[in-house]
């Protein structure tokens, strides 16, 4: 009996439930589809180690967060539906049903809708996940070799689990409505459908202006202070928190005052205001805005978050990838770090074996590679072998190769806390520039002219001649850094280093000839000064690192070379990294040795991951916002039913009534979006500046795709709203007076 | 064609010819109106009385083009409204008819001024003229002081007069009032009726009012009694005083079945 009642209710209130159902269905679809990514990774033929697990756990974690967002949205949406049905629930109780029975009817209704959404969402999700395999393959730049239909149990359980949680929360809130309310309140709830909220337009307009000013101040502060990237300066963080608080309060006030402001401005424009349904449209709009101003502000902030995170995430990637070609100067690079005296002393304390020491001359890495060892199970070491079982020696596969040596900015033999001979900030100061937002101060590296010229030959570029007193700056650290270096060079800044006085021989940094190793992210050189060999010797600078750049020799394919250097098929990693000279450990092989292939693969995976996350998060947030707006508007339209009927009776064409509601809905959809976009534009202006530390920024196609998906979702909800409200209006007008 | 023109031609503003209204279908038919015919001349103040369920509201709905008739013709200012399409009907309602309802039916979110102005702004009258005409009609109905108030800030009587003002502001050929005093106390009911009477006498407005209140009916020139969907009889006030006319109405009401006992 109760089931029948609940079923009937759902059918009768299907218009109310439709948006709820669609939104929940989209949620289920997206949850399921994105959680199958770990399975898709297999089918798309992505062999990268750990990618499957990484993507799987990232998506699962994100799903839980998004389920929370979705849960709040649906509780809110459901509240709207329940509020409108209070009278009905009162009536059930008057007719003798117990609260418990009413609660059960309500729970059953929620179950019916949730199950319907789950079923529809899963079917759509399964379909979407099959399609996504191809986009996954495209994003990871692989081919789908053997496509098969697949289902994912894990994704299914995560989705059902999230839905169940959302369902329970919704249920608790619904039961509260029934349990708490008095029958008399429930019964009279329907009598006054629309609570008229009129605020003093003068005060409202003033509130709006205050909101606009606060927002403007926050914008100005953000543009001036920038984003605190280091997060280690409490004063800077406090300034940022204050700016955040200002923009939040400003946004809320903006929406609280919006209606009054609109009315005040437009009612003075006689010729606009006293035309057609304009007074009705405006008053109705202002009443709606007053009722839901807080949630409009929330929607604006959430849209802002969605736009900003998606755009900055994808543009960060674009920035990193833009340096990819320049950032991979060789087929394979391997580096080593030297110990300086302090590091060696620290390691020699206590334990006597092995002994650590310092070398003043760079090692020959090509030769050293033949002496590499790996640990054995009994704690000893044995010579490293290549994947073919022969002794490991890079010379076996190396064709053209070059070794560059970087010196730290510190002179050897300093007592106490060492001071760099030149730091980035000190250099910038000479050119009258300051560090870009988000960049920290550090010592600069130095390189000998002879090393750099060997490197240039390797890269097939023209050699440079620094003469007696010339210098160059190399860096691939992104445009916001290189721009300042360019300034330093262009200004002809003179460097006084250990009795030498150096002048720049170029007016700008050549970022394409600045990468000394294959690096994911495309940026490995924050700033290196190339000076005549004698300057390095005179300053007695300590060795920092050496980097060996190797191109595979003719007859060794990239696959063969990659397999050789990564020692594919061997279970042991490069775990014994010490480099010994004359009985002392003078340095270590760097753990991160990468092939060009690996850098490209990891960049692709990174893009794929960030793109998916961006679309996933953004889509759920946008759908949630749009659904809130839709539900609010539709309930507003049905509350306005009697008004529509009256308008029709005094001779308003239905077209004009529809148009009035279209305008109202367009404003209510567009305004939060506009505010969100405005916030984002300002925030992104700052964020892009930081992103440029990583490379050249281009708004990528991914942002376009993401925006297109969001626009379709948001616009889709807007169209649903308009379409459904036309029906509501038509029914209201047709209803007998 | 304006009211004055049809007056000059001696043509009735409203001519209802043999209208029928049938609800339901096969086997379960309700005849709400059966062969009802009457006319209303320009400048007349006519009321329709009848017990609950007699069909008086259906009659008003059919005449006011809100509902359609099953058969018969309704001519307003010479045009047969039963033959107009929905778009033309809307326009017709806007230009020729004014409505006053039992519940004042004002829009909650609009001020009195905006409520009254609606029919004019919908008809795309120039803003300056809209405001002037609203002021005029408000003065005639003594509601100038509430023009900038919202409906919830007004008394029931004021709301009803604002609704009347909204009906009148377009200078309609025919004003339709459906139980306009139904929700008012006797003092406010009297004020409203006097306003309608003044409008009728001074401005020559043609009013058709449905009521079950004999007191309200006694303000009019002529009362049509309707019962079970048929015209039962009709009373002309002629030279009678309002009190005399009221007594005559009460007699008919008593004869019809004592439906008017709650009138005073």
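Couple of notes before you dig in:
- Under a Gaussian network description of chain B, with springs only between Cα atoms under 10 Å, the residue in B:211, B:181, B:121 that fluctuates furthest is B:121.
- The distance linking segment A:120-168 with segment A:437-478 is 49 Å (Cα centroid to Cα centroid, whole angstrom).
- Cα-based shape type of the protein assembly as shown, given that a ≥ b ≥ c are square roots of the gyration tensor eigenvalues and the cut on a/c is 1.5: prolate
- Residues listed by number, segment A:313-343, amide nitrogen under 11 Å from residue A:400 label point at 7 Å toward C-beta: A:330-331
- Virtual spin-label span in nm between residue A:15 and residue A:217, 7 Å along Cα→Cβ: 4.6 nm
- Over chain B, relative contact order from alpha-carbon pairs under 8 Å, at least 6 apart, %: 25 percent
- Spin-label pair residue A:557/residue A:537, simplified geometry with 7 Å Cα→Cβ offset, distance in nm: 4.7 nm
- Likely footprinting exposure, A:147, A:661, fewest C-beta neighbours within 10 Å first: A:147, A:661
- Taking B:154, B:250, B:176 as the candidate residues, the one with maximal mean-square fluctuation in a Gaussian network model of chain B, Cα springs under 10 Å, is B:154.
- Counted residue by residue at 0.36 nm each, then reduced by the alpha carbon distance between them, the extension gain from residue A:116 to residue A:176 reaches 19.2 nm.
- Order of A:655, A:730 - criterion: other Cβ atoms within 10 Å of each residue's Cβ, fewest first: A:655, A:730
- Förster radius 45 Å - calculated FRET efficiency between residue A:370 and residue A:490 (Cβ-Cβ, nearest 0.05): 0.50
- Calculated FRET efficiency for the pair residue B:30/residue B:251, C-beta based, R₀ 35 Å, to 0.05: 0.75
- Radius ratio Rg over Rh of segment A:501-559, counting only Cα atoms, Kirkwood formula for Rh: 1.06
- Rel. contact order, % - alpha carbon contacts under 8 angstrom, at least six apart, chain A: 19 percent
- Of all the options B:157, B:229, B:85, the one that moves most in a Gaussian network model of chain B with Cα springs shorter than 10 angstrom is B:85.
- Estimated purely from DSSP H runs of n ≥ 4, each contributing -39500 (n - 2.57), the mean residue ellipticity at 222 nm for the protein assembly as shown is -18500 deg cm²/dmol once divided by its residues.
- Length-normalised contact order for segment A:1-129 - Cα pairs under 8 Å, 6+ apart - percent: 55 percent
- Over segment A:350-468: Rg over Rh, Cα atoms, Kirkwood Rh: 1.08
- Chain B - Kirkwood radius from inverse mean 1/r over Cα pairs (Å): 18.9 Å
- Using R0 = 60 Å, the C-beta based FRET efficiency linking residue A:268 and residue A:503 works out to 0.35.
- Subtracting the Cα-Cα distance of residue A:355 and residue A:674 from their residue separation scaled by 0.36 nm leaves 108.3 nm.
- Residue-span extension gain [residue A:154 to residue A:468] - 0.36 nm each, minus C-alpha spacing: 106.3 nm
- Ranked A:66, A:444, criterion: other C-beta atoms within 10 Å, fewest first: A:444, A:66
- With the cut-off at under 14 Å, measuring from each backbone N in segment B:142-162 to a point 7 Å along the Cα-to-Cβ line of residue B:202 picks out B:142-144.
No lab work stands behind these numbers, since they all come straight from the coordinates. Since we're looking at a predicted model, the values are computed, not measured. Cβ: placed from backbone, ideal geometry, glycine included. Neighbour counts: every protein chain shown.
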